[in-house]
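These notes concern the structure reproduced below.
The values are calculated or read from the model by the stated rules, or taken from the named source; none is laboratory data. All of these numbers come straight from a predicted model, not from anything done at the bench. As a convention, Cβ positions derive from the backbone with ideal geometry for all residues, glycine included, and neighbour counts pool all protein chains shown. Calculation scope for accessible area: heavy atoms of the full protein, side chains included, ligands and nucleic acids excluded. Shrake-Rupley method; radii C 1.70, N 1.55, O 1.52, S 1.80 Å.
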Amino acid sequence: MKKYWKIFYNGILPSNPVFVLLLGMCATLGTTSSAMNGLMMGLATTAVLMCSNPAISLLKNLIPDKVRIPAYIVIIASFVTILQLAVSAWMPGLNATLGIFIPLIVVNCIILGRAEAFAGKNGVFASFLDGLGCGLGFLFALTLLGAVREFFGTGRLFGLAIYPEDYGMLLFVLAPGAFIALGYLIALISAITRKKS
């Protein structure tokens, strides 16, 4: 049981895809102009990780080594396509907001990295837990970054007004603000994890 807990927890903080491994920067910086956008992109990526990791683990012995990476991409793309069709059918507003970033989940290095490093070498349940842990770590990072940018940029948090928007710093809503906020959050997470160890 302890082994499974370690697999799950590893992706949340010790090997967080964004704050520690610096993976998935395109989606991280492109979709986190608000906390809700970050939350939704994190949930979408988590769903794909939770489905693709066990599927790859289940099929790993059937996939020839020479076509391993293309096969993984096809499996991941299948789940992303299902996700995009579901989002466009039931949540058109979210589909319009996240736009091209949902199909780009296919080439997100977090997902392919977990498929190659973990799911292709471990059992189905462990791969599911790894996908869930890394997905929740990505979700945590995107939501936190989106919340910081939204709070400082517009004076809101999840769309609720905290202080007047006139006092917000437009920089945080723009691309340079994403880099600045991410840099400070990486430093903060690094300081917290160093103190714990």
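I need the helices (runs of 4 or more DSSP H) fully contained in region 57-116, keeping only those with at least 3 residues that are of a type outside the set (D, E, K, R) and open to solvent by 70 Å² or more (accessible area, probe 1.4 Å). Let's see the steps before the verdict.
Details: elements: 68-90, 92-98, 109-114.
Correct list: 68-90, 92-98.
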Options S52, S127: the member that is modelled with pLDDT of 90 or more, within 20 Å of A27 (Cα to Cα) and crowded, with 19+ Cβ neighbours inside 10 Å = S52
Would you check if there is a residue in region 152-161 being at pLDDT below 95, closer than 26 Å to R68 by Cβ, aliphatic (A, V, I, L, M) and open to solvent by 30 Å² or more (accessible area, probe 1.4 Å)?
-> no
Selection status of T28, under 30 Å from G177 (Cβ atoms), assigned to a helix (DSSP H, G or I), β-branched (V, I, T) and touching a residue at least 24 places away in the same chain (Cβ under 8 Å) = yes
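Which one of L171, L185 is assigned to a helix (DSSP H, G or I), touching a residue at least 12 places away in the same chain (Cβ under 8 Å), open to solvent by less than 60 Å² (accessible area, probe 1.4 Å) and not β-branched (V, I, T)?
L185
For residues in region 1-20 being farther than 30 Å from G155 by Cα and either part of a loop (DSSP other than H, G, I, E, B) or of a type in the set (F, W, Y) (or both), which is modelled with the lowest pLDDT? Walk me through how you get there before you give the answer.
Initial filter on region 1-20 (farther than 30 Å from G155 by Cα): 1-11, 14-15.
Subset that is either part of a loop (DSSP other than H, G, I, E, B) or of a type in the set (F, W, Y) (or both): 1, 4-5, 8-9, 11, 14-15.
Values: M1: 79, Y4: 89, W5: 90, F8: 91, Y9: 91, G11: 90, P14: 88, S15: 88.
Top of the filtered list is M1.
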May I ask you to verify whether G153 is touching a residue at least 60 places away in the same chain (Cβ under 8 Å) and within 20 Å of the chain's Cα centre (by Cα)?
-> no
